[in-house]
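The values are calculated or read from the model by the stated rules, or taken from the named source; none is laboratory data. Just so you know, these numbers come straight off a predicted model, no measurement behind them. Don't worry about glycine lacking a Cβ; one is built from the backbone with ideal geometry, like all the others, and counts go over all protein chains shown.
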Amino acid sequence: LRTCTNCAFFDTSARFECKKPLTARNEMKTKANRCEYYQPKTIRDLRSAKPETPNDARAAFNALFKK
């Protein structure tokens with residue numbers, strides 16, 4: 001969600017709780033907004049390495065249940 005609390009520039013100790021030069025305060029910090037300065041706090045790469053062959057996938061699956 002594009003909310004102030006999810007933004008990299010959100011700072012409770014800064015003016016208008018934002019590190020960027022805002023001209024007005026956004027009252028709803030937890031509601032979606034269209035701020036031009038919005039940058040996500042963290043960016044995660046959720047892609048995983050794909051098995052190269054079907055045997056690699058089977059070996060990875062079998063490794064889950066080894067004792």
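The table below gives the values:
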read-out: Residue pairs meeting the criteria (Cβ under 6 Å; at least 6 apart or on separate chains; first under 12 Å from residue 38 (Cβ atoms), in segment 1-24; second buried (at least 16 other Cβ atoms within 10 Å of the Cβ) and among the hydroxyl-bearing types (Ser, Thr, Tyr)); value: 2/38; 7/38
read-out: Scan of segment 9-27 for residues that are on the phi < 0 side of the Ramachandran plot and either surrounded by 10 or more Cβ atoms within 10 Å (Cβ to Cβ) or among the acidic types (Asp, Glu) (or both), ordered by number; value: 9, 10, 11, 14, 15, 18, 19, 20, 22, 25, 26, 27
read-out: Among residues of segment 13-53, those that are assigned to a strand (DSSP E or B) and either more than 13 Å from residue 3 (Cα to Cα) or within 16 Å of the chain's Cα centre (by Cα) (or both), counted; value: 1
read-out: Residue that is in contact with a Phe, Trp or Tyr (Cβ under 9 Å, 6 or more places away or on another chain) and at pLDDT below 90, where the choices are 26, 6, 55, 33; value: 26
read-out: Pair list, Cβ under 9 Å, 6 or more apart: segment 33-59 residue without any contact (Cβ under 8 Å) to a residue 60 or more places away in the chain, other residue of a type in the set (Val, Ile, Thr); value: 33/3; 38/3; 41/5
